[in-house]
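To keep things clear, I will list the structure first and then write my remarks on it.
Computed from the coordinates by the stated procedures, all read-outs in this text should not be read as laboratory data. For clarity, every value in this text was computed on a predicted model and none was experimentally measured. When we count neighbours, we look across all protein chains shown, and the Cβ atoms used for this are built from the backbone with ideal geometry, even at glycine.
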Amino acid sequence: MDEREFGRSGQHASVVGLGTWQLGADWGDVDDKEALAVLEAAAESGVTFFDTADVYGDGRSEATIATFVQSRPDLHVLVATKMGRRVDQVPENYVLDNFRAWNDRSRRNLGVDRIDLVQLHCPPTPVYSSDEVFDALDTLVEEERIAAYGVSVETCDEALTAIARPGVASVQIILNPFRMKPLQRVLPAAREAGVGIIARVPLASGLLSGKYTKDTVFAENDHRTFNRHGEAFDQGETFSGVDYVTGVEAAAEFSALAPEGVTPAQLALAWIVQQPGVTTVIPGARSPEQARANAAAGKLAPLSAETLAAISDLYDRRIKGQVEARW
C-alpha cells in the first residue's frame, strides 16, 4: 500500500490506516482476542498507521495496540493517540501539567518512552487560538515525550486555525462522501502548509457501508444509539451528523454507484484517498475481514470522473443542507 508523508514531521502513514475507537468502547462489546486479530489483519494488509486515544475504553485501546506492537517487532507502525477528554472541557484544563500527566499515562499504556504523534482530542474552540497551549506542546517535543503533535477538530474553522500554527504536524477531521466541506478550504490550506490530513469517520459510522436499514437496532452501549442527537458528545461524530433516516436513504443511492467488484465501504474510502491533501484515512474494523477489506480500498484504481460527479451530486441533493452550516 502507498504511504504518504506528514509534511512537517517527516513521518509516513499508509493511505488507509486503522481507527481503534471500536477496540476500546462505544461500539458495543469488544473481545480482546478479536481486537488483536483486527490489528494483525490490518498490519498484514499493509496498514502502517494506528489511531487511538486515551479515553477509548479508558486506555484499553492503547494497551491493546501495545500488546500487538510488542508481539511484532518486525513491523513498523506509526501510532497516534489523543489527549484532553479526561477532564471537564474548559480551556483552563489545557495546560502543561495536565499534558504531562496525560502523556505519562498514554506512554505507560502504549509501552513506549516517546509517542509518535499526539493529538489534542477535539478541545474547546478557544484552545486552538492559545499560544500557551502550543508552547506546552512544543515543550513535550523538547522533552522527547512525543515526536510530533497535531489536533483533532470538529469544524473547518478550527482546522484552519490549527493549520496556521507552525508546529502542527496533522489535523484530524471528519471527511467522507457525506461530509465534503473540508474540500473547500481545509485541504488546500493543509497542502500549502505541509500539514497532514487524517480523515476520520470515513464511513459515516457505517452508513456508507450500505448495510443498515431504517429498522436496524444498535446496542445500548453503541454511540449510534446513545449519541444519535448529540446527547453524549458532538453529534457530528455519529453518522457524520446526518439524520439517520436521510442517511440510510442516501446510502442506498451511494451503494448503487460502486463499480463492479467494489463494496460501498471501499468506494467511500477510495473517494477519500483520492482527495488531494489527504494523508491517511482511518476506518475502524470490528473483524479481521473488515480490516482486510478496508485496506484493499487503498490499492484500488482511481475512481472515474463519472463516479466522482455522481457522488458530488448525491451530496448536494441529499446531505449538504444538513451538515455544511454546522461543521
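Once the piece of chain linking ARG191 and THR125 is laid out straight, how much longer is it, given 0.36 nm per residue of separation minus the C-alpha distance between them?
So the chain would gain 21.5 nm between ARG191 and THR125.
Within the range 111-156, list the GluC sites (Glu not before Pro) lying in a DSSP loop whose Cβ has at most 15 other Cβ atoms in a 10 Å radius.
GLU143, GLU144
What order do you get for 104-110, 278-284 when each peptide is scored by the mean count of other beta carbon atoms within 10 Å, highest first?
Peptide ranking by packing, descending: 278-284, 104-110.
Which percentage, to the nearest 5, of the DSSP beta bridges contained in the chain is antiparallel?
20 percent
Can you give the local net charge around ILE163? Use residues other than it whose beta-carbon is closer than 14 angstrom to its beta-carbon, Lys and Arg +1, Asp and Glu -1.
+1
Out of PRO124, VAL79, ASN93, whose Cα points farthest toward the positive end of the dipole of the range 46-153 (charges: +1 Lys, Arg; -1 Asp, Glu; placed on Cβ)?
VAL79
Tell me, how many Å apart are the Cα centres for the range 213-291 and for the range 42-87?
Value for the Cα centre distance between the two parts: 22 Å.
Residues of the range 122-156 with backbone nitrogen within less than 18 Å of a virtual label 7 Å along the Cα-to-Cβ line of VAL95, please, listed as ranges.
So the set is 124, 126-140.
Just to confirm the filter: which trypsin sites (Lys or Arg not before Pro) across the range 142-185 are DSSP coil and have at most 16 other Cβ within 10 angstrom of their Cβ?
Passing both the DSSP loop test and the Cβ count: ARG185.
Based on DSSP H runs of at least 4 residues, each adding -39500 (n - 2.57), what is the mean residue ellipticity at 222 nm of the chain after dividing by all its residues, to the nearest 500 deg cm²/dmol?
-10500 deg cm²/dmol
Please turn the phi angles of the range 276-287 into ³J(HN,Hα) values with the Karplus equation 6.51 cos²θ - 1.76 cosθ + 1.60 (θ = phi - 60°), one per residue in order, whole Hz, x for glycine and proline.
Residue by residue, the range 276-287 yields x, x, 6, 8, 8, 10, 10, x, x, 8, 9, 8 Hz.
List the residues of the range 7-45 whose backbone N lies under 17 Å from a point placed 7 Å from the Cα of SER71 along the Cα-to-Cβ direction.
It comes to 23-24, 30-45, nothing else.
Here are several values of P(r) over Cα pairs in 20 Å bins from 0, in percent: [x] 30, 52, 18, 1; [y] 33, 57, 10; [z] 34, 61, 5. Which one was derived from the coordinates shown?
Structure-derived value, by its label: [z].
Quick one: net charge of LEU203's neighbours, Cβ under 13 Å, K/R +1, D/E -1?
+4
For the range 161-243, which GluC sites (Glu not before Pro) are in a loop by DSSP, counting at most 16 other Cβ atoms within 10 Å?
When the GluC sites (Glu not before Pro) of the range 161-243 are filtered for loop state and at most 16 Cβ neighbours within 10 Å, GLU220, GLU231 remain.
Cβ under 13 Å from TRP102's Cβ, TRP102 left aside: what net charge do those residues give with Lys, Arg +1 and Asp, Glu -1?
+3
According to a simple spin-label model (label point 7 Å from Cα along Cα-to-Cβ), what is the distance in nm between GLU40 and ALA309?
4.7 nm
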